[in-house]
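The values are calculated or read from the model by the stated rules, or taken from the named source; none is laboratory data. Everything numeric in this text was worked out from a predicted model, so none of it was measured. Every residue, glycine among them, receives a Cβ derived from its backbone with ideal geometry; neighbour counts consider all protein chains shown.
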């Protein structure tokens, strides 16, 4: 297991940025990271996850990838209720709607990401394959439309 894959399985480390976003310090991550607040599909309680913004196709839209595939709790929760809140840059808890992108859209997103971030693409591709057995172009991508 690579060090990156090991770190992704270290719960306290992965969840640490949540506290920075909740303290309104999300701007420290620029636009590369965001805090997604979603509703637990069985508990109905708020849940939080920090994700990489794969791309910003418009000022009110951002795309994220479910690096752990359809098993990701946040992804499953958004399938049950697409309403969520997003904190990114200096924006805090902005209401949003989630939509899983089509296969065609995903292929274009991955091509742009590979072109703009070749080193990150190479690293994430290996980690994703090692962790969930899927290539980065096979995991689901979600577009968040800020309201």
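For the range 56-90, give me each residue that is surrounded by fewer than 17 Cβ atoms within 10 Å (Cβ to Cβ) and in a strand (DSSP E or B).
Correct list: 56, 57, 58, 61, 83.
Looking at the range 122-133, which of its residues are in contact (Cβ under 8 Å) with a residue 12 or more places away in the chain and surrounded by fewer than 17 Cβ atoms within 10 Å (Cβ to Cβ)?
Scanning the range 122-133 gives 123, 126, 130.
Is it the case, given these coordinates, that residue 44 is closer than 18 Å to residue 113 by Cα and not in a strand (DSSP E or B)? Give the derivation first.
Details: closer than 18 Å to residue 113 by Cα: no; not in a strand (DSSP E or B): yes.
Judged against the criteria, residue 44 is not a match.
Can you tell which of 113, 121 is touching a strand residue (DSSP E or B) at 6+ places or on another chain (Cβ under 8 Å) and closer than 25 Å to residue 86 by Cα?
It is 113.
Out of the residues in the range 98-121 that are within 14 Å of residue 53 (Cβ to Cβ) and surrounded by fewer than 16 Cβ atoms within 10 Å (Cβ to Cβ), which is nearest to the chain's Cα centre (by Cα)?
120
Report the residue count in the range 91-110 for those that are touching a residue at least 40 places away in the same chain (Cβ under 8 Å), in contact with a strand residue (DSSP E or B) (Cβ under 7 Å, 6 or more places away or on another chain) and not in a loop (DSSP other than H, G, I, E, B).
9
Failed condition for residue 77, given (1) at pLDDT below 95; (2) touching a strand residue (DSSP E or B) at 6+ places or on another chain (Cβ under 9 Å), with all others met?
Going through (1) at pLDDT below 95; (2) touching a strand residue (DSSP E or B) at 6+ places or on another chain (Cβ under 9 Å) one by one, residue 77 breaks only (1).
Answer yes or no as to whether residue 120 is in contact with a helix residue (DSSP H, G or I) (Cβ under 6 Å, 6 or more places away or on another chain) and closer than 27 Å to residue 27 by Cβ.
No.
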